[in-house]
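Following: one structure in structure tokens, then a few remarks.
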Amino acid sequence: MAHPSQLGFQDAASPVMEELLHFHDHALMIVFLISTLVLYIIVAMVTTKLTNMYILDSQEIEIIWTILPAIILILIALPSLRILYLMDEINSPHLTIKAIGHQWYWSYEYTDYKEIAFDSYMVPTQDLSPGQFRLLEVDHRMVVPTEAPVRVLVTAEDVLHSWAVPALGVKMDAVPGRLNQTAFIASRPGVFYGQCSEICGANHSFMPIVVEAVPLKYFQDWSTLMLEDA
């Protein structure tokens, strides 16, 4: 969960998000070193009155500042492509959930169970319980088991939406007439919040996403209870 004045990302709750955080730190360090070098060169050029003919006309320096950026781009591109393929890989999911975007709420269908389907609306401010987050809490959370691959099929009924949960490293567009898929593994129990990340209309800010990750035993108890209520 993000907090006020937070500068970095939320704590990772999935292996893919951990990889994204590592890549962010890797790229940020490269940018920091480049910025420091450029700032030093600018200050040196402005403050010194000396002129070095070997720097003004040097084939060796031109070769270096052509090859070095290419090497830096490779050092950034290779880890980036690796994570890109990891995010797109979906290997035999243990659970499949269909998330459908509406104006302005989400519907969830557990396709492995015939009777588990529900709508997820934002809880109005006046109905919040102590400790719940305003504009983020919903009346029905999407419950998933921890340490199990979960596939999410994302679509929309009316306009463009986007199903995004930052702590899980998941963001997928919900397009009417199209079925997109993404996957994640919740590495620890917890409640993870997200919001629609596509400007979908007047109440765009009022269709939050809440994913509750629980151990498998508790998920089985929850699914049994949902089937009994259906």
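Residues with beta-carbon under 10 Å from that of GLN181, excluding GLN181: net charge, scoring Lys, Arg +1 and Asp, Glu -1?
Value of the local net charge: +1.
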- request: Can you list which of the GluC sites (Glu not before Pro) found in the stretch 10-66 are DSSP loop residues with at most 13 other C-beta atoms within 10 Å?
  value: none
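Taking a probe of 1.4 Å, how large is the accessible area per residue of the stretch 13-86, in Å²?
84
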- prompt: Can you give the accessible area of TRP104, probe radius 1.4 Å, in Å² rounded to 10?
  reply: 60
statement: For the stretch 162-226, the Cα convex hull volume per residue in Å³ comes to 118
query: All other residues with a Cβ under 9 Å from the Cβ of VAL191 taken together, and with Lys, Arg as +1 and Asp, Glu as -1, what is their net charge?
result: 0
query: Mind checking which of PHE23, PHE32, PHE206 has the largest fluctuation in a GNM of the chain, springs on alpha carbons under 10 Å?
result: PHE32
task: In whole Hz, with x marking every Gly and Pro, tabulate ³J(HN,Hα) for the stretch 6-22 from phi via Karplus 6.51 cos²θ - 1.76 cosθ + 1.60, θ = phi - 60°.
output: 6, 9, x, 6, 5, 4, 5, 10, 8, x, 5, 5, 4, 5, 5, 5, 5
- prompt: For helix 216-229, what angle does its Cα long axis make with the longest principal axis of the chain, in degrees from 0 to 90 and rounded to 10?
  reply: 40
Cβ-based net charge around PRO93, under 12 Å, with every Lys or Arg adding one and every Asp or Glu removing one: -1
- request: Report the semi-axes of the equivalent ellipsoid for the stretch 1-58 in whole Å, largest first, where each axis is √(5λ) for an eigenvalue λ of the Cα gyration tensor.
  value: 41, 15, 4
statement: With Cα coordinates, the longest principal axis of the chain makes an angle with the long axis of helix 59-88, in degrees rounded to 10, of 10
- request: May I ask you to derive the relative contact order of the stretch 75-230, considering only C-alpha pairs under 8 Å and at least 6 residues apart, and to give it as an integer percent?
  value: 25
Share of pairwise Cα separations in the chain, more than 22 Å, in percent: 62
query: So, in Å, what gap is there between the alpha-carbon centers of the stretch 14-41 and the stretch 132-176?
result: 28
- prompt: Mind checking which of LEU50, LEU20, LEU81 has the largest fluctuation in a GNM of the chain, springs on alpha carbons under 10 Å?
  reply: LEU50
- line: Farthest towards the positive end of the dipole of the chain, among MET226, VAL154, ILE63 and with Cβ unit charges of +1 on Lys and Arg and -1 on Asp and Glu, lies the Cα of ILE63
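I need the Kirkwood Rh of the stretch 93-227: take the reciprocal of the average 1/r across all distinct C-alpha pairs and report it in angstrom.
Taking the inverse mean of 1/r over all distinct Cα pairs, the stretch 93-227 comes out at 14.9 Å.
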message: Taking the full set of protein chains and a 1.4 angstrom probe, give the accessible area of HIS22 in square angstrom, rounded to the nearest 10.
response: 110
query: For the chain, modelled as a GNM with alpha-carbon contacts under 10 angstrom, which of PRO15, PRO208, PRO79 fluctuates the most?
result: PRO79
query: Considering the alpha-carbon set of the stretch 57-143 alone, what are its Rg and its Dmax in angstrom?
result: 24.5, 75
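The values are calculated or read from the model by the stated rules, or taken from the named source; none is laboratory data. Please read these numbers as outputs of a predicted model, since none were measured by experiment. Cβ: placed from backbone, ideal geometry, glycine included. Neighbour counts: every protein chain shown. These area figures cover heavy atoms from the full protein model, side chains too; ligands, DNA and RNA do not enter into them. Shrake-Rupley method; radii C 1.70, N 1.55, O 1.52, S 1.80 Å.
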